[in-house]
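Student: Structure below; questions to follow.
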Ligand SMILES: Nc1nc2c(ncn2[C@@H]2O[C@H](COP(=O)(O)OP(=O)(O)OP(=O)(O)O)[C@@H](O)[C@H]2O)c(=O)[nH]1
Ligand SMILES: [Mg+2]
C-alpha cells in the first residue's frame, strides 16, 4: 500500500524541493499541533534549508516559515513534486 | 451622559502577530516586544482613556488554537470565556494570512464579538501581498481594520470601531464544516441546549468532536450521557474518513482557511530577491551561518567590552576628586563617612556597571527586534539536543545573558515540564549582565581580554556539561522543535530605545537602593570593628581555599542580593576602582569564577521558587554554591602554575 510511487518522508527530500503532505505518522496531539500551524494532509511544503548533520529543517508552508526537528520531519509523509 | 462608559477589550492572536505592540501603543505601557514568537507569557492589563470612555485592554500570550494542549491556550480560552470582554481584537500577521485564519475561525466558534486587526500590512505590501478587506469582512461578518502596530497606524480606528459597535454588537458568520460534520454537530447541540456551561452549545459540540479534554471533563460533570453520544459520532466520522475525528475537523478548518485566503489574497511575486531574503540565506546557511553567528556574538562581546572600558574610564576621571572634596568639606566623622559610603556605592555602581550594561542591552534588543534570535535557535538545535532540550532553549539563554530573571521566565516557551526545568537550571549558569560587569570590569580590564573571553567560553562549556548531566539524571527524550521562523524586520529604533531605557531604569531603581543600603551596612560593620570577626570566620573558605583577600567573604554574602555588588562594594570599600592595586591576576580570575557560579541572586531564586517549588530551588542553590567553591579552588591551584 505504502509503495505508491515516490512517497517519502519530508526529512528525505532535498533543499529547494517541495512536496504535498500525504499523512502524518503521529498521535492526535502532534497532528493537531501541526495542523494549527497549517501543516495538514494536502498542503504543499517546501524545504528551504537545514543545518549540518541531522539538524532541524526550515520549511515554507502557505507563505509562512517554520522550523521543525529532523525526527518530526521524518514523521511527515509527502509526495514529492 | 448616561450609563457606564467602560469597555473591555482583549488582544488575542498567534505568536509574533504584534499584539503587544498594539497594547503598548494603546496603553502607554511597556510590554516586551521582539521579533520571535512567545515573548508574552502572562496576561497583562492596561487602561486607555479615549473620547470619554475608560477602556480596559488585556494583552494575552500568543496561541495557535483554542483546543487546550498548552497552558497558554487554557489560560487564554478561559479568560475570554469568563471575562466576557466586549470585544476580542484578533491581531493577525497579514504576511501569514492563511495560518492566522485557522485561529480566527476558532475564535468565531466562541461566538464572542471580534474585530480583526490586519497587522503588518507594511510588510505584506513589501512582499507583494494585497488583501481584499471588504471581502474578508463580508465572509466572516466582522469588522476588519488594517494596521501597522509598530508605527501606531490604524490603532485608533480599532478603538473607534469598538465604541461605534459597543451597543449593537455584530452577529458573526459561523464557519460551516462539511455535511457529515455539520450533521454530528447538529445532533450534539440538540442535547446541549440546556447544559448551562459558559460556552456556546456549538462550540462545545465541536470541541467534543475534537476530543478536547477540558470540555469533555466539564460535560462529564453535567450530562455524562452526552459523552456516549459524542463517542459514537466520533466513531462514525473516523470510519468515514479513516482518521481521528479531531484531525478530520482540524483538516476541514484549515481547508476553509485556505479557501478564504485564496478568495481574498493576491500575491504578485516580486522578481528580485529582497535584502531580507539574502540575509536570511546567509545567516541560516549550513556552514557560513555558524561563522556569521560567531562574528555577530563575538562582535557584540568586543563592542560591549571596548565601549564599556572607555566609558568607565571616562566616568572615573569625572568622579576622581569627589572623595577629597567630601572629606575637606563635610569631614570624616562617623556619619560623614557613612554618608560618603552611600555616595561612593552609587558612584561605583554607575562607574563600574552602567558602562557595560548599556551597550549590552542596546545590542541585545537590536538583535531581538531584527529577528536574529530565532536563527540562533535554528542553528543551535542540534547541539542543544545533546543537553536534552531543543533549539528554542537558546532563547532563555540569550535573555539570561541580560538578566537571569526574565531568562528563567522565558523557559515557559519550552513545551514540557522536564525541558522547562533543565533550561531554567542551565540559565542560572549563564553569566548575566551583572556578572559580565565583573568579568569585563575586573578580568577583562586588569588581566586581559583573552581571559575574559576564556571565562565566557568556560561558562558555555559548563552549561553544556551541566545540560548533558542533568538530561541524563532527569531522563526522557527532548521534545522535537517546532518553531515559527519570523522574517527579518527592520529594527525599530524607538522600540530598542524604550526597551533599553526600561532595562536601565529597572537597573537603576532596583540596584541603587540595594547598593546604597549594602554600602552603608558594610561601612557600619567596618566602623564598628566587626569586619575582622566576619572575615576571619569565612577565611577558611575565602583565604585558605580560594586564596582571596579576607574582605571578599562579606562581599560574596552581599553578592547574593545582586552580583555586581561584589565588585561595586569592593571598589567602594577600598576607595579605588584600580583593582590591580589590591588583587593579583589569579585572585581576580578566581573571584570572577566564584561570582559566576555560586548561588543565583535573590531575584532569580524567587523566580525559580515560583516556577519549580522550593525543593528544587534549594537543591540548585546548595549544589551550585558548593560546586562553585570547589571549582574555583581547583582552578586557583591550576592558575598558581600559570601566573
Ligand atoms: N513592520 C512591522 N513590524 C511590526 C508591526 N507590528 C509589530 N511589529 C514587530 O513585530 C514583532 C512582534 O511584535 P509583538 O508586539 O512583540 O508581537 P506579539 O504578538 O505580542 O508576540 P508574542 O507576545 O510573542 O506572541 C516586533 O519586532 C514588532 O516590532 C507592524 O505592523 N509592522
Ligand atoms: Mg506579546
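Student: Return the tail of the calculated pair distribution for region B:1-87, meaning the percent of Cα-Cα pairs more than 21 Å apart.
Tutor: Details: 1144 of 3741 pairs.
For region B:1-87, the share of Cα pairs beyond 21 Å comes to 31 percent.
Student: Moving on. Could you work out how far the C-alpha centroid of region B:564-643 sits from that of region B:147-163, in angstrom?
Tutor: Going from one Cα centre to the other spans 49 Å.
Student: Please determine, in degrees from 0 to 90 and to the nearest 10, the orientation of helix B:245-264 with respect to the longest principal axis defined by the Cα atoms of chain B, where the helix direction is its Cα long axis.
Tutor: Compared with the principal axis, the helix lies near 90 degrees.
Student: Sort B:504, B:425 by Cβ crowding within 10 Å, fewest neighbours at the top.
Tutor: Listed from fewest to most nearby Cβ atoms, that is B:504, B:425.
Student: Based on the Cβ-Cβ distance from residue B:461 to residue B:231, what FRET efficiency comes out when R0 is 41 Å, to the nearest 0.05?
Tutor: The value I calculate is 0.15.
Student: Where in region A:23-43 does the amide nitrogen come within less than 16 Å of the point 7 Å from the Cα of residue B:238, taken along Cα to Cβ?
Tutor: Counting only backbone N, you get A:26-32.
Student: Two decimals is fine: what's Rg over Rh for the protein assembly as shown, C-alpha atoms, Kirkwood radius as Rh?
Tutor: Over the Cα atoms of the protein assembly as shown, Rg/Rh equals 1.02.
Student: Give me a single rounded figure for B:389-400: the average over its residues of other chain Cβ atoms within 10 Å of their Cβ.
Tutor: Averaged over the peptide's residues, the number is 1.
Student: What average count of beta carbons from other chains do you get within 10 Å of the Cβ of residues in A:40-46?
Tutor: 3
Student: Once each part is reduced to its C-alpha centroid, what is the distance from region A:28-66 to region B:197-253 in angstrom?
Tutor: The distance from the Cα centre of region A:28-66 to that of region B:197-253 comes to 27 Å.
Student: Quick one: of the DSSP bridges fully inside the protein assembly as shown, what percent are antiparallel, nearest 5?
Tutor: Close to 65 percent.
Student: Kindly express, to the nearest 10 degrees and within the range 0 to 90, the angle between helix B:372-385's C-alpha long axis and the longest C-alpha principal axis of chain B.
Tutor: That helix lies at roughly 80 degrees to the long axis.
Student: Now for a different question. Contour minus end-to-end for residue B:135 and residue B:334, with contour as 0.36 nm per residue of separation and end-to-end as the Cα-Cα distance?
Tutor: Stretched out fully, the residue B:135 to residue B:334 stretch lengthens by 63.8 nm.
Student: Sticking with this structure for a sec: What fraction of the DSSP beta bridges in chain B is antiparallel, stated in percent and rounded to the nearest 5?
Tutor: For chain B, the DSSP antiparallel bridge percentage is about 35.
Student: Further, regarding this structure: So if I take the centroid of the Cα atoms in region B:512-554 and the same for region B:297-367, what is the distance between those two points in Å?
Tutor: If we compute the Cα centre of each part, the gap is 21 Å.
Student: Given labels modelled 7 Å from the Cα in the Cβ direction, how far is it in nm from residue B:51 to residue B:509?
Tutor: 3.3 nm
Student: Once both labels are modelled 7 Å past Cα along the beta-carbon direction, what's the residue B:501-residue B:268 spacing in nm?
Tutor: That separation, rounded to one decimal, is 3.9 nm.
Student: Count, for each residue of A:23-31, the Cβ atoms from other chains sitting within 10 Å of its Cβ, then give me the mean as a whole number.
Tutor: 3
Student: Extending each Cα 7 Å along its Cβ direction at residue B:450 and residue B:222, get the distance between those two points in nm, one decimal.
Tutor: Taking the two extended label points, one gets 7.2 nm.
Student: Here's another thing I want to ask about it. What 222 nm value per residue comes from the helices of chain A, counting each DSSP H run with n ≥ 4 as -39,500 (n - 2.57) and dividing by all residues, nearest 500 deg cm²/dmol?
Tutor: Values: 2 runs with 13 residues, N = 81.
That calculation yields -4000 deg cm²/dmol at 222 nm.
Student: What FRET efficiency would be calculated for the residue pair residue B:469, residue B:493, taking the C-beta separation as r and a Förster radius of 35 Å, to the nearest 0.05?
Tutor: Details: r = 43 Å, r/R0 = 1.22.
That gives a FRET efficiency of 0.25.
Student: Shifting gears a bit: Can you put B:381, B:132, B:93 in order of Cβ neighbours within 10 angstrom, beginning with the fewest?
Tutor: Ranked by crowding around the Cβ, least crowded first: B:132, B:93, B:381.
Student: If you don't mind, there's one more thing I want to ask. For a label point 7 Å from the Cα of residue B:584 along Cα→C-beta, name the residues of region B:405-449 whose backbone N is under 18 Å from it.
Tutor: B:443, B:446-448
Student: Based solely on its DSSP helices, what 222 nm [θ] is calculated for chain B when runs of n ≥ 4 H residues each add -39,500 (n - 2.57) and the sum is averaged over all residues, nearest 500 deg cm²/dmol?
Tutor: -19500 deg cm²/dmol
Student: Here is a follow-up. Set the Förster distance to 25 Å, then compute FRET efficiency between residue B:303 and residue B:151 from the Cβ-Cβ distance, nearest 0.05.
Tutor: 0.30
Student: Based only on other Cβ atoms within 10 Å, what is the fewest-to-most ordering of B:372, B:53, B:356? Mind showing how you got there, number by number?
Tutor: On the way: B:372 23, B:53 15, B:356 26.
Result, fewest neighbours first: B:53, B:372, B:356.
Student: Apply the Debye scattering formula to region B:179-267, with a single equal point scatterer on each alpha-carbon and no solvent, then give log10 I(q)/I(0) at q = 0.17 Å⁻¹.
Tutor: These q points yield log10 I(q)/I(0) values of -0.70.
Student: For helix B:179-192, report the angle its Cα long axis makes with the longest principal axis of the Cα atoms of chain B; keep it between 0 and 90° and round to the nearest 10°.
Tutor: It works out to around 80 degrees.
Each reported figure results from applying straightforward, stated rules to the coordinates on display, with no laboratory input. Note that the structure is predicted; figures quoted are calculated from it, not measured. Glycine also receives a Cβ, built like all others from the backbone with ideal geometry; neighbour counts cover every protein chain displayed.
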